[in-house]
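What follows is a set of notes on a single structure, which appears directly below.
Throughout, read-outs are computed from the coordinates displayed, never taken from laboratory work. It should be emphasised that the depicted structure is a prediction, and the values quoted were computed from it without experimental measurement. Virtual Cβ from ideal backbone geometry, glycine too; neighbours counted across all protein chains shown.
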Amino acid sequence: MTLTIRVNDLDVNLQTICDLLCEGKCIGLPTETVYGLAADATNGRAVARIFEMKGRPKFNPLICHVSGMEMAREYGRFDPVSEKLAQAFWPGPLTIVLPLAEGTKVHPLVSAGLDTIGLRCPEGPARDVIASFGKPLAAPSANRSGKISPTTAKHVSQQFPDAELMIVDAGRCAVGIESTIVKIDDGNICLLRPGAITSEMIAEVSGVIPVATVSNKIEAPGMMESHYAPDAAVILNCDSCPSDAALLKFGNRMPNAASPVSLNLSETGDLVEAAANLYAYVKQLDESGISKICVEPIPMEGLGIAINDRLTRSAAPRGIT
Ligand code: TXA
Ligand code: MG
């Protein structure tokens, strides 16, 4: 049975949450991007429990969430480029992959045995919980592996109906898709996963233009072909929609579509609004029981790059994970 605490009651429950984390339990934690399944990043058993609950392949490293630069420096080695990015975008939806700091106390399971660590300082209640706990929290998105990331507390409890899990409910996530992930290597910036912090924003702050990684090695879940998958088949860039398919709209391209069920990511064509609605709407259409979801074209600019990235994964042939 999951137990939900409203974010307004967070203060009175902070001690209980910290006690649970101390015992090595996982909690459902809202961030500005998506809800995370969080546990003490220095406790191997706690981190193992995250993998177990998610049914997640062990080779996939977790993001380590910190309350600020001071904590971050204990875990990752910053260089001038990463320092600039953290100063500009933290707290916020940017994960920075850095060399592990010497003598770091993070459990090796968090970085899946790599000599790097993905660090992020989230905004809002998650940061308060980490500051109060005094140690970083490893937290992947709070969904079963390969499923759609949760953007409400209810989505989290639906993913883990039988787990004893405390979930902090802060309503819907403002950004709605996972953080941008960059890897800093010798002053170069590799974009491992697109997100709300765009390449243009990163280039402007750092003076370095990020390169999208082309690698056979799985470095971010966005590189696994089928990910973020609903049960229905997803068809992208549709200009028409058959009468037996659900329609995910963007703007007003098909005013007369015959679809029995449709949702509009943003009637005005606002990419920020579309990102915030994306997972909740795909989930809602999927739950209508329909076997196909047609998606209207989303422009490949700004946040549209991250939205298209996630949609392409959800449309990929299943089983290639
Ligand atoms: O917005 C987000 O990033 C959310 C919220 C909860 O913070 N978290 C999230 O975590 O999306 P997750 O586990 O679903 O995706 C994180 C990905 C990992 O799967 C991994 O591929 C990449 O970040 N990552 C983490 N550490 C890494 C490392 N040391 N090197 C390369 N990639 C890493
Ligand atoms: Mg995830």
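Whole-Å semi-axes of the stretch 68-214's equivalent ellipsoid, largest first, each the root of 5 times a Cα gyration tensor eigenvalue? Those come to 26, 18, 15 Å. Ordering Tyr228, Tyr281 from the fewest to the most neighbouring beta carbons within 10 Å gives Tyr281, Tyr228.
For the chain, the 222 nm mean residue ellipticity estimated from helices alone, with every DSSP H stretch of n ≥ 4 adding -39500 (n - 2.57) and the total spread over all residues, rounds to -8500 deg cm²/dmol. Within the chain, Cys18, Cys22, Cys26, Cys64, Cys121, Cys173, Cys190 have no other Cys Cβ under 4.7 Å of their Cβ and so lack a disulfide-compatible partner by this rule. Just the Cα atoms of the chain, one point each, no solvent: what log10 I(q)/I(0) does Debye give at q = 0.12 Å⁻¹? Normalising to I(0) and taking log10 leaves -0.79. Note: the stretch 22-140, Cα convex hull, 89 Å³ per residue.
Between Ser288, Ser266, Ser82, the GNM of the chain built on Cα springs shorter than 10 angstrom shows Ser288 fluctuating the most.
Here the residues Glu178, Glu74, ranked from fewest to most Cβ neighbours within 10 Å of their Cβ, fall in the order Glu74, Glu178.
When the Cα centres of the stretch 1-69 and the stretch 85-157 are compared, how far apart do they sit, in Å? So the two Cα centres are separated by 9 Å.
For Cys241, Cys173, the sequence from fewest to most other C-beta atoms within 10 Å is Cys241, Cys173.
Leaving out same-chain residues fewer than 8 places away, which aspartates and glutamates sit with a Cα under 17 Å from that of Lys84? Hits, sequence-local ones excluded: Glu70, Asp185, Asp186, Glu200, Glu204.
The Rg/Rh ratio for the stretch 229-274, using Cα coordinates for both the radius of gyration and the Kirkwood hydrodynamic radius, is 0.95. Ellipsoid fit via the Cα gyration tensor, the stretch 58-112: semi-axes of 19, 13, 10 Å, each the root of five times an eigenvalue, largest first. Rg over Rh for the stretch 1-72 works out to 0.96, both radii taken from alpha-carbon positions and Rh defined as the Kirkwood radius.
Each residue of the stretch 60-77 was assigned a 3J(HN,Hα) from its phi angle through the Karplus expression (A = 6.51, B = -1.76, C = 1.60, θ = phi - 60°), giving 9, x, 9, 7, 9, 9, 10, 8, x, 4, 4, 5, 4, 5, 6, 10, x, 9 Hz with x at Gly and Pro.
In the Gaussian network model of the chain, springs joining C-alpha atoms below 10 Å, which of Gly24, Gly176, Gly289 carries the largest mean-square fluctuation? Of Gly24, Gly176, Gly289, the most mobile in the Gaussian network model is Gly289. Pairs with C-alpha atoms separated by more than 18 Å, drawn from the list Lys54/Lys147; Lys25/Lys135; Lys154/Lys249; Lys249/Lys283, are Lys154/Lys249.
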